[in-house]
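These notes are about the structure you will find just below.
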Amino acid sequence: MSRLRAVSALLGFAAVLPACANTTVATVGCRPDQYALVLSAQAVPSATMIPCIAELPAGWAFSGSEFGDGTSRFWLDSDRAGYRAVEVDLTATCDTSRAVEIAPAPDEAGAHVYSEPLTLRPALAANRYIVYPGGCVTYRYRFEAGASSTLSLEAEEALGFLPRADLVRDVRERLGQTLCGAEAPPCDG
């Protein structure tokens, strides 16, 4: 199968995504040519920023991903914080009513960022919400007992965002396809 036909098949799958869920694919890297980003963008067509993995520090690993109607999710494992230590969810909206607003990181400029600490000991459990036009990204920290809470800073350094406009442009230029939603024509259905 040619690369173009394979990519077209993948994009065709993304078009019927609302009927599917629990799809595990490759790492959600921060380059527009990452096919998992197309699935993530199609899962939440209103999102103007797509969460991704910029670069994993030593001891961290991509664990898996799921894409469904209205939700995109991936996990990171840590040799010190444990299995699925961080879950990254993308949805159109989220409830930040139990969280406090904090200053955004440089890659979160223009977003509203909230922190919801749940427990510190014996294990860190906290949520970080990044809210921007059309989307909400939630970092769910669930560390093993005894893991340092400062590992959350490593995870935040590893995570980033790709503007949907960059992904829309790449899909159009590289594949000759239209990625619908924010920054592009609206999605039907």
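The values are calculated or read from the model by the stated rules, or taken from the named source; none is laboratory data. No experiment lies behind these values; they were computed from the predicted model shown. So basically every Cβ, Gly included, is an ideal-geometry build from the backbone, and we count neighbours across all protein chains shown.
In summary, Val168 fulfils each of the numbered conditions (1) outside any strand (DSSP E or B); (2) in contact with a Phe, Trp or Tyr (Cβ under 7 Å, 6 or more places away or on another chain) with the single exception of condition (2).
Checking each residue in the range 106-117 for being aliphatic (A, V, I, L, M) and closer than 14 Å to Thr138 by Cα picks out Ala111, Val113. Scanning the range 137-167 for residues that are among the aliphatic types (A, V, I, L, M) and under 16 Å from the mean Cα position of the chain (by Cα) turns up Val137, Ala155, Ala158, Leu159, Leu162, Ala165, Leu167. Of everything in the range 36-53 that's in contact with a Leu (Cβ under 7 Å, 6 or more places away or on another chain) and assigned to a loop (DSSP other than H, G, I, E, B), which residue is surrounded by the most Cβ atoms within 10 Å (Cβ to Cβ)? Filtering first and then ranking leaves Val44. Assess whether Tyr132 counts as being within 24 Å of Leu56 (Cβ to Cβ), within 20 Å of the chain's Cα centre (by Cα) and of a type outside the set (Asp, Glu). The answer is yes for Tyr132. Checking each residue in the range 74-87 for being in contact with a helix residue (DSSP H, G or I) (Cβ under 9 Å, 6 or more places away or on another chain) and under 20 Å from Ser40 (Cα atoms) picks out Phe74, Leu76, Val86.
Being surrounded by 12 or more Cβ atoms within 10 Å (Cβ to Cβ), part of a loop (DSSP other than H, G, I, E, B) and hydrophobic (A, V, I, L, M, F, W, C) is the filter here, so list the residues in the range 144-160 that pass it. Within the range 144-160, Ala147 is the sole residue that qualifies. When the range 54-86 is filtered for residues that are hydroxyl-bearing (Ser, Thr, Tyr) and either surrounded by 14 or more Cβ atoms within 10 Å (Cβ to Cβ) or closer than 23 Å to Arg31 by Cβ (or both), the ones remaining, listed by number, are Ser63, Ser65, Thr71, Ser72, Ser78.
Quick grid of which residues meet (1) in a loop (DSSP other than H, G, I, E, B); (2) modelled with pLDDT of 95 or more:
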position	(1), (2)
Leu4	no, no
Ser8	no, no
Leu11	no, no
Ala26	yes, no
Arg31	yes, no
Ser65	no, no
Leu76	no, yes
Asp89	no, yes
Glu101	no, yes
